[in-house]
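Here's the structure we're looking at; comments come further down.
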Amino acid sequence: MSISVQERHFSLNRIILLAVGLWPYQRSKFVRFQAALCLSILISYVVFVLSRLCFTEYSFVLTIHVLSISTYYTFFLIKYISFWLNIETIKYLLEQFQYIYERLKDSKEIAIYNKYGNSAKRITLACIILAVCIMLSIIAIECWPFIFDMITPKNETYARRFIVTMTKYFVLQEKHFYLFLLLINVVTAVGSVGILAIGTMLLSCLKHICGMLRIASYRFEQAVTATVQSITIKNETIYKEFIYAMDIHCKAMEFIKFFMGGMERSLFIVTMITVLCMSCNLYGIFQIESPVQEIEKTAGHLFNITCLFIYMFIANYAGQEITDCNNHIFFTLWNAPWYLAPLQIQKVILFLLQRSNKAFTLNIGGLFTLSIQSFASLVSSSISYLTLMLSVQ
């Protein structure tokens, strides 16, 4: 009886994707309606926030504040739309992961694959716990003014100040405050669950591809070792060992290109919006005269910055891991005593080593590559745009 990769390694991803109607399988009418409802909620809120600019006089500070909110939820929106449009890509990858897993016979190869699958599952669980903690923190920030009023009542209540701050910040009438508070909580919940489900699913797929690359590295190492240590093995058998290694490596490369091909444009837009959103929220913090007294605004900006920072780091780290796993294959071949192998086998290995001259990276729009270096560059770009905003002001 074959083991289901979905049940073993993608069970948590399945649960949270079902919550926002994005699980690739069992696409019933209700699930489609659920996805359309989530999408409508995100779109309506982004339009609502941007519409605030039409009800007030132009102000550079207000415009940046509105952009700091709208770009954050636009980030959610684009990721949601991108995943929805590429849901067949994710379904194809899941089926291919199952296909690859069923054809692994070596116990060490199975252990390598399970290692990366379990790692993806643990990261997903950690992200879920982190998201729950963040949501509880948001609820606590919203509730603390009302709790303080009961503990230390004053003439000017904390709740009153909180309501005035929020209505002024979003250009609302006070009578609509509680309705708006309900709206922002619903949108934040939908957006947070959506980005959590999408991000962890994409990360899990990349982790499984890393497992395939490590298996390719293991197969190359075993093939070279067997070639050098044994003189009784026929060349045909040795060639088969190299073919098996090259096959899974080529499949991993194919999956990565297929994965990036469908989402490259949306990832490029998301990257630009992420940098802009980081800059706007940093600018918002610099404009707060008293961060302690205006804790609501400070907490809101810090919350957005923290989430975007974590997202950028994890995304770039995943891309860096793909590059490192691919490079490990060629390091394995370089370090192996391939020069002791028969001449024909040496030619095959040299052909493989030539491919290592060009580094393999996950490229986005020809401008960004997912790597730790790019993560530092994006953070630096956000700070540069912040400096520009402060100078314009």
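The values are calculated or read from the model by the stated rules, or taken from the named source; none is laboratory data. Keep in mind the model is a prediction, meaning the values are calculated, not measured. Cβ coordinates were reconstructed from backbone atoms using ideal geometry, including for glycine residues, and neighbour counts include every protein chain displayed. Just the protein is used for accessible areas: all its heavy atoms, side chains included, with ligands, DNA and RNA removed. Shrake-Rupley method; radii C 1.70, N 1.55, O 1.52, S 1.80 Å.
Say whether the condition of being modelled with pLDDT under 85 and touching a helix residue (DSSP H, G or I) at 6+ places or on another chain (Cβ under 7 Å) is met by at least one residue in region 13-30.
no
Go through (1) over 27 Å from Ala245 (Cα atoms); (2) at pLDDT below 80; (3) open to solvent by less than 90 Å² (accessible area, probe 1.4 Å) for Gln346 and report which single condition fails.
(1)
Could you tell me how many of the residues in region 3-31 are open to solvent by 80 Å² or more (accessible area, probe 1.4 Å), within 30 Å of Tyr101 (Cα to Cα) and either free of Cβ contacts under 8 Å to residues at least 24 places away in the same chain or not in a helix (DSSP H, G or I) (or both)? Spell out the reasoning first.
Narrowing region 3-31 to residues open to solvent by 80 Å² or more (accessible area, probe 1.4 Å): 7-8, 14-15, 26, 29-30.
Filter once more, keeping what is within 30 Å of Tyr101 (Cα to Cα): 7-8, 14-15, 26.
From what's left, either free of Cβ contacts under 8 Å to residues at least 24 places away in the same chain or not in a helix (DSSP H, G or I) (or both): 7, 14-15, 26.
Selection size over region 3-31: 4.
Can you pull out the residues in region 364-383 that are open to solvent by less than 70 Å² (accessible area, probe 1.4 Å), of a type outside the set (Val, Ile, Thr), free of Cβ contacts under 8 Å to residues at least 60 places away in the same chain and part of a helix (DSSP H, G or I)? Don't jump to the end; show me each part of the working.
As a first pass, look at region 364-383 and keep what is open to solvent by less than 70 Å² (accessible area, probe 1.4 Å): 364-366, 368-372, 374-382.
Subset that is of a type outside the set (Val, Ile, Thr): 365-366, 368, 370-371, 374-378, 380-382.
So of that shortlist, the ones also free of Cβ contacts under 8 Å to residues at least 60 places away in the same chain come out as 366, 370-371, 374, 376-377, 380.
Scanning region 364-383 gives Ser374, Ala376, Ser377, Ser380.
Condition check ((1) at pLDDT below 85; (2) under 19 Å from Ser217 (Cβ atoms); (3) of a type in the set (A, V, I, L, M)) across all residues:
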residue: Ile90; (1), (2), (3): no, no, yes
residue: Leu94; (1), (2), (3): no, no, yes
residue: Tyr99; (1), (2), (3): no, no, no
residue: Glu102; (1), (2), (3): no, no, no
residue: Ser107; (1), (2), (3): no, yes, no
residue: Lys121; (1), (2), (3): no, no, no
residue: Ile129; (1), (2), (3): no, no, yes
residue: Leu136; (1), (2), (3): yes, no, yes
residue: Ile139; (1), (2), (3): yes, no, yes
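Any idea how many residues of region 97-113 are in contact (Cβ under 8 Å) with a residue 24 or more places away in the chain, open to solvent by less than 80 Å² (accessible area, probe 1.4 Å) and assigned to a helix (DSSP H, G or I)?
Here the count works out to 8.
Can you give me the number of residues within region 356-391 that are hydrophobic (A, V, I, L, M, F, W, C) and under 30 Å from Cys250 (Cα atoms)?
Here is the first cut: in region 356-391, the ones hydrophobic (A, V, I, L, M, F, W, C) are 359-360, 362, 364, 367-368, 370, 372, 375-376, 378-379, 383, 386, 388-390.
If we keep only those that are under 30 Å from Cys250 (Cα atoms) as well, we get 359-360, 362, 364, 367-368, 370, 372, 375.
Summing the residues that are hydrophobic (A, V, I, L, M, F, W, C) and under 30 Å from Cys250 (Cα atoms) in region 356-391 gives 9.
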